[in-house]
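The values are calculated or read from the model by the stated rules, or taken from the named source; none is laboratory data. Just so you know, these numbers come straight off a predicted model, no measurement behind them. So basically every Cβ, Gly included, is an ideal-geometry build from the backbone, and we count neighbours across all protein chains shown. The area values use the complete protein model at the heavy-atom level, side chains included, leaving out ligands, DNA and RNA. Shrake-Rupley method; radii C 1.70, N 1.55, O 1.52, S 1.80 Å.
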Amino acid sequence: MDPRAGVTPSIRNFAHAIDRQRQALERIPLLDVTRPDLVEAARALDEAEAAALALAPGVDLAPLAAVARAVSIPVLRADFLAEEFRIYESRSAGADAVLLRASALPPELLARLVQAATSTHMAACVACANAAEIARAGAARAPVVVLDHSDLHLPVPPRTLVLVRSFSAEARGRADAALDPGLTDAASFRRALEEEDR
């Protein structure tokens, strides 16, 4: 059976949502999928104008699907994926972006997974730990590279966005967005927004 059967393209552009030309740092709430008020928290963050949300649902995609149906902003599946059918599975559940790890994938497979994501209008976010992995992500045409804050000195290809694995003040001006598990509700997000606007 074709894993792409019944998969509809994403209409929420994750890369566009986090691209502020590094004038400020978009903080992306990384929500705990086990919290009982997950959907309500996601809706509140959407209303507070978060650029996107991230969730790591593991094998049970029901929480991701529930959030994706409830919000108007892009949703990143923040589990590392290594198989093509997981890309289509993620899109079927409502994900608008997926996370890949360059070190875990041969170049040909990385390129295939990035292409699979692109074919469904999802953003492939490729985690890299060195310049060679960033070059591989660039060769695969990944729109987003994911770096630790200690690797922000590494050059990235033109028109490639940078997502930091976890928020740190030193990422400001050097990255486009940061995953932030500390943003658990609309109030904490608004406080973070005020910090970024200062």
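Rounded to the nearest percent, how much of the accessible area of the chain (1.4 Å probe, protein heavy atoms only) is carbon and sulfur? All intermediate terms of the calculation are to be shown ahead of the outcome.
On the way: 4770 of 9210 Å².
Answer for the chain is 52 percent, counting heavy atoms of protein chains only.
Out of the GluC sites (Glu not before Pro) in the range 10-74, which ones are loop residues according to DSSP with at most 12 other C-beta atoms within 10 Å? Working shown, then result.
Values: sites: Glu26, Glu40, Glu47, Glu49; in loops: Glu49.
Passing sites in the range 10-74 are Glu49.
Would you give the gap between the C-alpha center of the range 98-143 and the C-alpha center of the range 29-51, rounded to a whole Å?
Each part's Cα centre sits 27 Å from the other's.
If you count only protein heavy atoms with a 1.4 Å probe, what accessible area per residue comes out for the chain, rounded to a whole Å²?
Values: 9210 Å² over 198 residues.
Ligands and nucleic acids excluded, the figure is 47 Å² per residue.
Of the labelled options [x] 19.4; [y] 16.6; [z] 32.0, which one gives Kirkwood radius over Cα pairs in Å as computed for this structure?
Computing Kirkwood radius over Cα pairs in Å and matching it to [x] 19.4; [y] 16.6; [z] 32.0 gives [y].
In deg cm²/dmol, rounded to 500, what helix-only [θ] at 222 nm does the chain give when every DSSP H run of at least 4 residues adds -39500 (n - 2.57) and the total is split over its residues? Intermediate values should be presented prior to the final figure.
Numbers: 7 runs with 68 residues, N = 198.
The helix contribution divided over the chain gives -10000 deg cm²/dmol.
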